[in-house]
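Inspection log for the structure reproduced underneath, given as structure tokens.
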Amino acid sequence: MHHKCSDLKRRVLKMKKWGTAACIAAASFFSLSGCAGSTSGENGEVIVYNWGEYMDPDAIAMFEEETGIRVIYDEFETNEIMYPKVEAGAAEYDVICPSDYMIQKMIQNDLLAELNFDNMPNAKENIGAQYWEQSREFDPENKYSVPYCWGTVGILYNKSMVEEPVDSWSILWDERYKDNILMQDSVRDAFMVGLKLNGYSMNSTDAAELETAKNALIQQKPLVQAYVIDQVRDKMIGNEAAIGVIYSGEAIYTQRENPDLEYVIPREGTNVWIDSWVITRDAPNKENAEKFIDFMCRPEVALKNFEYITYSTPNDAARALIEDEDIRNSTIAFPDLTQYSNLETFRYLGTEADEMYSELWKEVKSE
């Protein structure tokens, strides 16, 4: 349930940029999948598990070249797919990039190692104070995670198809846009919209509040063209829908492709998320893992990743290096969060609440 799954078209576009780094990343990935004949680098290896399309492959090549450490790279599509693999020890990952609430769950279930920040000076120096502060919601003592990307969830709308102004989640229930609305196909994201619309916390475990949100989503269903994850970006770029729920990093990309698109954070509030680097408790290559995270926190490397994936960097030193003033000061990429109310970060709510959300989501989808 997140924001970085990507479609074939974007992969093909990106492949053109990949060049030799793609071969390195691909070779690294397949060695994890069990291809024979793999050898580790001169200084060993580091096994990284990250979202799809969430890192510039050139950054991996640069790290390998500089350190002699070979990167074995694997990708996941959702936190929920990643978690059971890590919990079961199906593969011995060193570095993973989960989202806020999933990091909280991993800490609670003793799956993560405490980090040695002496080995990661770039993390200490370059990540902005507000992101360490935000991380305390799920990592109370900042012991287990280093912020990698962050953003908001909002409404993307087409100015040529929608009567402005747009400032509320309620537009997703507007009959005028029947079959022109795209919703996120994920339980927490969909319920976030339903809960916020009704003035509730997106971390609610109150049965009556969740029932209200469920009923709102069922009522909305006839208006929804599709429940999607990554397709929201391409459908909006192609003028195939008027309004969609989208992650801010995707919104930046869509605006480059279609200037009619506008992104807003609704007045009822939304999700402010962080994806962070963590190291597994039994990481076979902990020192190399810390070197990898430290490298990714270098300003020029963080900038390179930001330009490649368009998701906001919490690396203040990298942001200062952005040459394009419109991007550096973008209110989508770097919003002033003090201007908004009712912003929250997803928390892990426990097994019982997870099951309750899942059951209610099934009811929405089966109506």
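Scoring ALA90 on the criteria (1) closer than 30 Å to ALA289 by Cα; (2) open to solvent by less than 70 Å² (accessible area, probe 1.4 Å) leaves a single failure, condition (2). Screening GLY68 on (1) at pLDDT below 95; (2) surrounded by fewer than 19 Cβ atoms within 10 Å (Cβ to Cβ); (3) not hydrophobic (A, V, I, L, M, F, W, C) shows it passes everything except condition (1).
Evaluating GLU42 against the criteria (1) among the acidic types (Asp, Glu); (2) farther than 30 Å from ARG188 by Cβ; (3) at pLDDT 95 or above leaves one unmet condition, (3). Of all residues in segment 313-324, exactly one satisfies the criterion of being part of a helix (DSSP H, G or I) and either modelled with pLDDT under 95 or in contact with a strand residue (DSSP E or B) (Cβ under 8 Å, 6 or more places away or on another chain) (or both), namely ASP316. Just one residue in the set TYR177, TYR157 is in contact (Cβ under 8 Å) with a residue 12 or more places away in the chain, more than 23 Å from SER358 (Cα to Cα), more than 20 Å from the chain's Cα centre (by Cα) and crowded, with 23+ Cβ neighbours inside 10 Å; that residue is TYR157. In the set (1) open to solvent by less than 50 Å² (accessible area, probe 1.4 Å); (2) closer than 16 Å to TRP150 by Cα; (3) at pLDDT 95 or above, the condition left unmet by TYR357 is number (2). Considering segment 258-275, and only residues there that are assigned to a loop (DSSP other than H, G, I, E, B) and not polar (S, T, N, Q), the residue that is most open to solvent (accessible area, probe 1.4 Å) turns out to be ARG267. The set of residues from segment 226-257 being buried (at least 24 other Cβ atoms within 10 Å of the Cβ), of a type in the set (Gly, Ala, Ser) and in a strand (DSSP E or B) comprises just one member, GLY244.
The values are calculated or read from the model by the stated rules, or taken from the named source; none is laboratory data. The structure displayed is predicted, hence computed values, not measured ones. All Cβ positions, glycine included, derive from the backbone under ideal geometry; neighbour counts span all protein chains shown. Accessible surface areas use protein heavy atoms only, side chains included; no ligands, DNA or RNA. Shrake-Rupley method; radii C 1.70, N 1.55, O 1.52, S 1.80 Å.
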